[in-house]
Each structure stands twice: as C-alpha cells, then as structure tokens.
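Student: The structure is given below, and queries will be raised subsequently.
What follows is calculated from the coordinates using simple rules that are stated; it is not laboratory data. Just so it is clear, the structure is predicted and the values come from calculations on it, not from any experiment. Backbone-built Cβ (ideal geometry, glycine too); neighbour counts: all protein chains shown.
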Amino acid sequence: MLEKEMIDDLVLESREHLQSVEPDLLTLEQNSENISDELINRIFRAVHSIKGGFGFFGIAQVTKLSHAMENVLSRIRDHAIPVDPKLTDALLQGIDKLRVLLDDISHADSISIDHELSILQPFRGDVSSDAGTEETTSIEEFYNSYPNIDKSQVDKLIKEGLFIYRITLTDQDCNNLDFKESPLYENWQKIGKIIDINSKTYGQEKRVIYTVIFMTVLEPDIIAQACEIPGKNICKLTITQSDTVVKPTEEQKSFSKTEVAANTESKPADDTLRVRVGLLNNLMNLAGELVLNRNQLLLQFNHKLSDILKTDQSYSDLIKSLDSLKTIMTEITRTTSTDLIKSCSDEFDYLQTKVNEILSISMKDLPGISSTLQSMDSVTSQLQENIMQTRLQPISVVFNKFPRVVRDLAHKLGKDIKLELIGQNVELDKSIVELLSDPLNHLVRNSADHGIESVEDRIAAGKPATGTILLHAFQEGGKVIVEISDDGRGIDAEKVRQLAISKGLITEKAATEMTL
C-alpha cells in the first residue's frame, strides 16, 4: 500500500515539475543569448527528478525519455549547443509525451516514445561514447571483492534508488595527485557517494590505477561529463539477490503496471489540492479554539442544568401558590371581603418573590454563555473562510498554459505574437479555474488566428511587427474579471456580414440594416 501511494505521489509531483518546466523553457528560448545558470539548473533538476523517481520503479519509457531530455539540457548547461526554436520544440514535445505517459502510468511502457527520441537525438551529441559498460554480480561476490565496504550504507543507498558504479582512473587523471587530494574527489562527492577506493601501482614509472566504487542516481553518460572521465572507464554494476537489488525486480515492474492502475485511476490528480502550510496551521489553530469554546459552553450548560434542578422545589411552591390564588380568585367573585383582598395581596407578594428568585437563578451566568457563543460564532466564521481558501487556486494555473499555446500558434501561422499576463496571483475556486480553461483557450486562439495580423500587414498599417495579446485578471466589486484584448485588426464587420449571408443566417437586406 505504501508503494502504491509512492507511485501516486510521484505522478502528482512529476506533473507539477512539468507544469513549471514548460514556462521555464519558453523563458530560456526568449533569453537564449544570455542563459541563466539558475534557470537551466532548475529545468535540469525537474527533469532529473522525474527520471530518477520512475527509474527506481522500473518504468522504462518515462526514464528513457526524461534521460534523453536530461542529455540535451546538460549540453545546454555546458554551452555545447545553442538554444533555438527547433531545440525548444523538441524539448516541449518531450514534455507533452511525458504528460501522456503520466496520464496512463500503468501502461506507460507500452506507449511509443520513438518520435520524441528521434527529434531529441540531434541535440544529444555522441552519447554512445559515454555510455559505459554494465556488469551483473551477486551481492556476495560484490562484498567479497570489496571487503572494506560498509554494507549497511550500501543497502541503505540501494533502497534510496542509487546505482552502483565501478570507475577506474589513473593518477594522470588526478593531475598526478592522490585521488583523495585531487579536485576530482571533491567534485564526485557533490553528485554521489564514494563507497570504496582501491589503488594499485604498475610499471617502472610506478603509475597508480584507482578503482572507485561510486553510488549515484545519475546515468553513465552524465557521470562521464560531471566527473570528467571517459565513459569507457565507467561500469554499472547490477547487484542481484533475493532481498537486495539495484534494478527493480519483476514483481516491482508487475506491480507498477497492474496494481497501481486501480489506485491511480480511482484517484485522479484533479481531485487533489496542494494547500499552503500557513493556511493549514490557521485551520488547526481555529479548530483548537473551537474545541475549547465547545468545552467551556458544555461546562457552563452543565452548571446551569444543576442550578435549574435546584429550583425544582421553588417551582413546586410556585404551583401551590397558583392553586391558592385560583381559590382566592373564586372567592373574590363572591365577596369583596377585606380579608380576602389582603390574602390575595399577600399571595401575589409571595408569588412575585418566587418568580424573581427563579428568574434570578435562571439568568445567572447567561452573560458568560453569551460571550462563549459569540466567540464560537467568530471562530466558526473564520474556520469556514479558511476552509474555503483551501479550495482557492491562483489563476496562473490556467494563464501559464497560454505562453506555449501562443508560441506554437505564432510559429504555425508565421506571425510574431507576444503574450502579456497580468493578475496571475488573483485566486478563484478550483472548480471555476478548471471551467475557465476551455473558453479562455478558444478566445486566445481566436485572437492569435483572426485578431493579430501578419508581420507584413502590421508594418504596412504602421504598427509594431510584434502583435500583443493581453490576459488580465482583477477583482472588482467582489467579482473576478478576466479580460482578453489584442492590438490586432479587430472584427471586420463586412466580413462577418458576408459570412452570415453565405451561411443563410440572415438576408442581404437584413445585413444592410444591421450595425456591428
């Protein structure tokens, strides 16, 4: 059950990674002449996280595709290749296919990624030379070969998803320094764990060969680049045993393809919300206050109940007085005796005293109860407001998809279009945010397709070559307003009339009388 939840969490986390990677790639393309290290590293880490997570569970297609994208991003980071629209297209198509794989993770390995790999390949360079070799050995043979290894540390790192590598290098690779004193040692520690180091001396010149057991989540070609060594010096070890394996067992693979299916399909990502920690803390505090107020109210009601029970005798006396009063009133109807009038007055005085006494007991401590009830009302209102806030999402969840939409449309239509977004932090209920996606998508596409003119037409009209589409969200009078505008040609009234006539919606006579 825990592993199923891990798969679900990984899918959700990976979707969030992709949601952030897409706008980052567009920013990267727009600033291709001055690539930010922070930006490219952020993209690389996101893709690397996806690869590492699904690699641990043996979901090959996600791992292969994200690994290919990682190769390209690594070359961008090393300034080995320029960022241009074709490269960006290849990476964006990789993101699209990763989304498809995540949407059907239980059958991901049956989905082809050949097209995406083929368009990424020209940007990957020669990865075969850095691919390294692979070797399979038993856990017993491994530990016998390297007796100084800390077994508990290796087992722990294997369970965390790290791979085991045997890497060979010479003292020349270390600038004729001892490996531990060379810059390589410190660099390797940044990307993995050095588990064991063995050295041998050979030849008359007493050259040194180092054999390093190294554990990391990285693939051989990435290690070759990061560790500055030839790929042929890297051997990936697959350690097999019933209880400990580096690669996922067949049971794990079967699990990820079958058992996970029911769980991932029964709990769609759309039913999940990430809630800010501060908001949850407020909810917990309000809930605690509500419990305290409830306990105070119960205590006060219990005290009141005790007081009311104590007045039982007073109520009995009151009933007797009422009976006596009834008898007296009957006598009054027959006589106007002074004694009867005095007796009646005495009974009324007694009755008034008893009523005041009972009312005094009943009303006692009501101000305290009233204060508690007011506090409960306030806390309950705040609790309701905070719970409603947990459903709020920034409209950027929808807005952030449109830079990609506009970019792709601009390339397809041969136009130069810029999208501006304002008010991305305006919040709406999650259900409303989801409902906005389709109509906004239609309107934005309509602006790009029909509103913004071609570069030539814009220049001829004295406009900037680049057209602008503006998405603006703001709050007004308790409502959220979303405006879409562009600086294009607007609506061609005559074209609309002719189209309506051709479709038989109106007659020519009616069209001439219409205004638009």
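Student: Dipole magnitude of the stretch 2-125 about its Cα centre, charges +1 at Lys/Arg Cβ and -1 at Asp/Glu Cβ only, in debye to the nearest 20?
Tutor: Computed about the Cα centre, the dipole is about 340 debye.
Student: Using the structure shown, select from 97/412; 193/236; 97/236 the pairs with a Cα to Cα distance greater than 23 angstrom.
Tutor: Listed pairs above 23 Å: 97/236.
Student: Mean separation of Cα pairs under 8 Å and 6+ residues apart, divided by the residue count of the stretch 65-148: what relative contact order is that in percent?
Tutor: 38
Student: Tell me the GluC sites (Glu not before Pro) within the stretch 16-55 that lie in a loop according to DSSP and have at most 12 other beta-carbon atoms within 10 Å.
Tutor: Passing both the DSSP loop test and the Cβ count: 33.
Student: Mind ordering 67-73, 445-451 by average Cβ neighbours within 10 Å, highest first?
Tutor: 67-73, 445-451
Student: Would you please state the base-10 log of I(q)/I(0) at q = 0.10 1/Å for the stretch 130-241, with intensities from the Debye formula using one equal scatterer on every alpha carbon?
Tutor: For the requested q values the scattering log ratios are -0.28.
Student: Tally Lys and Arg at +1 and Asp and Glu at -1 over the other residues with C-beta under 15 Å from the C-beta of residue 177: what net charge comes out?
Tutor: -3
Student: Rg over Rh of the stretch 393-513, using C-alpha atoms and the Kirkwood radius, what does it come to?
Tutor: Here the Rg-to-Rh quotient is 1.06.
Student: If you take all C-alpha pairs in the stretch 52-125, what percent of them are over 14 Å apart?
Tutor: When all Cα pairs of the stretch 52-125 are counted, 57 percent exceed 14 Å.
Student: Now a separate question. Counting pairs of alpha carbon atoms under 8 Å apart in space and at least six apart in sequence, what relative contact order in percent does the stretch 24-73 give?
Tutor: Worked out over the stretch 24-73, it gives 32 percent.
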